[in-house]
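Undergrad: Let me give you the structure first, and then I'll get to my questions.
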Amino acid sequence: MYILRWKDNPSMPKGLVYEGVQTEPIEYSGGSAAQSSVLQCFDELLGVKHEDKSRAFLTCMRSYMPPAHRKLIQDISVQPSLRDFVQQQANEYLNKAFDVCVSKLLAFRSYHINVVSRFITVPAARARQLRKNSQDSEGEIVSRAPTSLEERGTGGSGIMTFLKTVRDKTEVIFLPQRSQNDR
């Protein structure tokens, strides 16, 4: 249950009270790769431009990072991207090296989609189907299981839409291939 969120969670609409710590409910997003400063640094460095909704979610997730990590991402974001630099150099080797970096980030994002599908989306769909079709004791147990991950990820995002959008925005930063005449 450590990865579940209680921010924007219909099971806990007011958040969670930490008894002995605070009297008011607190809302936190669950664990999310979007909280990784490494991934967000790569995005800023390579020049990945996310859609407004994805960018807003990623920016919100920065509040879970150490302050120095947030500052590093901000500092990188105000500089020209590596993509811009590589394009200005018009160097075939730099272009290839840049595209290798992009392909590795893209491969990670595709792998992440597979992991989330296997361990979150598919089990949630199975549980939903069991709840719908089962009248026996197994269905009773499943009906009491949390449903919060069926549509949204551990961090609270619309899980597959978000992950695929982020992956697709990564894919578009590959450098245009130059023809022999352009060299």
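The values are calculated or read from the model by the stated rules, or taken from the named source; none is laboratory data. Please read these numbers as outputs of a predicted model, since none were measured by experiment. All Cβ positions, even for glycine, are placed from backbone atoms using ideal geometry, and neighbour counts span all protein chains on display. These accessible areas exclude ligands, DNA and RNA; they are computed on the full protein's heavy atoms, side chains included. Shrake-Rupley method; radii C 1.70, N 1.55, O 1.52, S 1.80 Å.
Undergrad: For the stretch 25-144, build the convex hull from the C-alpha positions and give me its volume per residue in Å³. Intermediate values should be presented prior to the final figure.
TA: Values: hull volume 17.2 nm³, N = 120.
Residue-normalised Cα hull volume stands at 144 Å³.
Undergrad: Taking the convex hull of the Cα atoms, report for the stretch 49-103 its projected area averaged over all directions, in nm².
TA: Details: hull surface 19.1 nm².
Reported value for the Cα convex hull: 4.8 nm².
Undergrad: What are the radius of gyration and Dmax of the stretch 3-93, computed over its Cα atoms and given in Å?
TA: Rg, Dmax (Cα atoms, Å): 17.7, 61.
Undergrad: In whole Hz, with x marking every Gly and Pro, tabulate ³J(HN,Hα) for the stretch 50-59 from phi via Karplus 6.51 cos²θ - 1.76 cosθ + 1.60, θ = phi - 60°.
TA: Per-residue couplings from phi come out as 7, 5, 3, 5, 5, 4, 5, 5, 4, 5 Hz.
Undergrad: Checking the cross-link filter: which lysines have an alpha carbon closer than 25 Å to that of LYS14, excluding same-chain neighbours under 8 positions apart?
TA: LYS53
Undergrad: Now for a different question. With all protein chains present and a 1.4 Å probe, how do ARG55, ARG62, ARG131 order by accessible area, largest first? Provide the component values of the computation, followed by the final result.
TA: Values: ARG55 110, ARG62 35, ARG131 55 Å².
Correct descending sequence by accessible area is ARG55, ARG131, ARG62.
Undergrad: Now a separate question. Could you name the lysines whose alpha carbon sits less than 25 Å from that of LYS96, not counting residues in the same chain fewer than 8 places away?
TA: By straight Cα distance, LYS96 reaches LYS49, LYS104, LYS164, LYS169.
Undergrad: Could you please state how large a percent of the accessible area of the stretch 90-135 is carbon and sulfur, counting protein chains only and using a 1.4 Å probe? Walk me through the numbers on the way to the answer.
TA: Numbers: 1830 of 3090 Å².
Exposed carbon and sulfur together represent 59 percent of the surface.
Undergrad: List the residues whose amide H sits under 5 Å from the amide H of ILE26, counting only those 5 or more places along or on another chain, with H placed 1.01 Å from N in the peptide plane.
TA: Residues meeting the amide H criterion: LEU16, VAL17, TYR18.
Undergrad: Then there's this: Can you tell me which of 71-83, 97-109, 39-51 comes out highest on packing, and rank the rest after it, using the mean Cβ neighbours within 10 Å? List each step's numbers first, then the result.
TA: Working: 71-83: 14.3, 97-109: 16.2, 39-51: 18.8.
Top to bottom by mean Cβ count within 10 Å: 39-51, 97-109, 71-83.
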